[in-house]
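The values are calculated or read from the model by the stated rules, or taken from the named source; none is laboratory data. In this text, all values refer to a predicted model and were calculated from it rather than measured experimentally. No Cβ is skipped: glycine too gets one built from the backbone with ideal geometry, and neighbour counts run over all protein chains shown. Accessible surface areas use protein heavy atoms only, side chains included; no ligands, DNA or RNA. Shrake-Rupley method; radii C 1.70, N 1.55, O 1.52, S 1.80 Å.
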Amino acid sequence: MNLADINTLKSLLSKEGFSFKKSLGQNFLIDPTVCPAMAENSADKNTGVLEIGPGVGVLTRELSKVAKKVVAIELDERLKKILPKTLGDLDNVEVIFGDAMKLDLEEIIKEHFADCESVSVCANLPYYITSPIIMMLLEKCLPITSITVMVQKEAAERLCAEVGSRNAGAVTVAVTYYAEKEILFEVDRSSFMPPPNVDSAVIKLNIRENPPITVANEEKFFKFVKSAFAQRRKTLLNTVSSTLNIPKDKLRTVLSELSIKETVRGEELTMEQLAQISERI
Ligand code: SAM
């Protein structure tokens, strides 16, 4: 069954009486070139792949061809009667029904991928929780080597921006702290059923063994970063003093000690500068 074929998908879904739920970010891929490319980029014969949101299994089938094992986590229980029909013939695929944000992923990895050399995550993410899922995967420091995911194009540009450039936000800093990042390719909105209102892109995050900067207290660093990008039109001085309740004079002294101009905005700072300021306040 070619699940990326629009007629096959339409007839399967109508036979099963399945209707798309916008609230679950259900835009299924119908471009036959996208899933093989995502799979090739995320796994090989020694890899275990954790997929989030298999839908009817179009990406899952491609992952099963290149990976040692695939575990797919799906929230929508209505797919319980469809997935056995679309994936039932594959002996290296298992589907777990539940919320990827709530399940114990570390335990799932331990239980299912003990015989795999490495583990990666691959998904066409539900767009309503793109950043929360990516941040959860990174912050939990799971034993994974990479995350290859489809996200909205704008989100891809933000997530993969250079820290210190206009597109950077707090999430860019967090992603850069945990991973090396790249945009693999763009995907037109017409590649999905139903088509979303925006184009998409597939990004790959290669998890770092060590962060590119040293911070004494990660929690404090990320709290500072959040505040530095909280009000993008304001200077760092104004936004950090108001959101973290730090006297402006104290901040002025720190900036001057680091030879950073007083009018600097969060988006202009490098990882090193953000770390240095955070350590001193
Ligand atoms: N992989 C399929 C494809 O590419 O056609 C479907 C991708 S669709 C964009 C997102 C999928 O994630 C849907 O199947 C949706 O039901 C599922 N999903 C939404 N929220 C989820 C969550 N919190 N945990 C697991 N799956 C979720």
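Points worth noting:
- Per-residue extension of 0.36 nm, minus the Cα-Cα distance of residue 185 and residue 256, leaves a gain of 21.4 nm for this segment.
- With K and R counted +1 and D and E -1, the other residues having a Cβ less than 13 Å from that of residue 235 yield a net charge of +4.
- Share antiparallel - DSSP beta bridges, the chain, percent rounded to 5: 45 percent
- Accessible-area composition of segment 218-280, carbon plus sulfur, in percent [1.4 Å probe]: 45 percent
- Among the listed pairs 10/68; 22/102; 68/110; 15/85; 45/65, those whose Cα-Cα separation exceeds 18 Å are 10/68; 22/102.
- Checking every one of the trypsin sites (Lys or Arg not before Pro) in segment 142-196 against DSSP loop status and a limit of 11 other Cβ atoms within 10 Å picks out 166.
- Residue 272 paired with residue 238, simple spin-label distance in nm, labels 7 Å along Cα-to-beta-carbon: 2.9 nm
- Of all accessible heavy-atom area on segment 62-106, the percent that carbon and sulfur account for (1.4 Å): 49 percent
- Sorting 242, 118 by solvent-accessible area of protein heavy atoms yields 242, 118, largest first, with a 1.4 Å probe.
- Short to long, the 5 Å bins of the Cα pair-distance histogram for segment 6-207 hold 1, 8, 17, 21, 22, 17, 10, 4, 1, 0, 0 percent of all pairs.
- Per residue, the chain exposes 48 Å² of accessible surface when a 1.4 Å probe is rolled over the protein heavy atoms with every protein chain present.
- Exposed loop sites were defined as GluC sites (Glu not before Pro) in DSSP loop states (anything but H, G, I, E or B) carrying at most 16 other C-beta atoms within 10 Å; in the chain the longest segment without such a site runs 1-116.
- Taking Lys and Arg as +1 and Asp and Glu as -1, the other residues whose beta-carbon sits under 13 Å from that of residue 190 total -3.
- Trypsin sites (Lys or Arg not before Pro) lying in DSSP loop within segment 1-61, provided at most 11 other Cβ fall within 10 Å: 45
- Only DSSP H runs of four or more residues enter the estimate; each adds -39500 (n - 2.57), and after division by the residues of the chain the mean residue ellipticity at 222 nm equals -10500 deg cm²/dmol.
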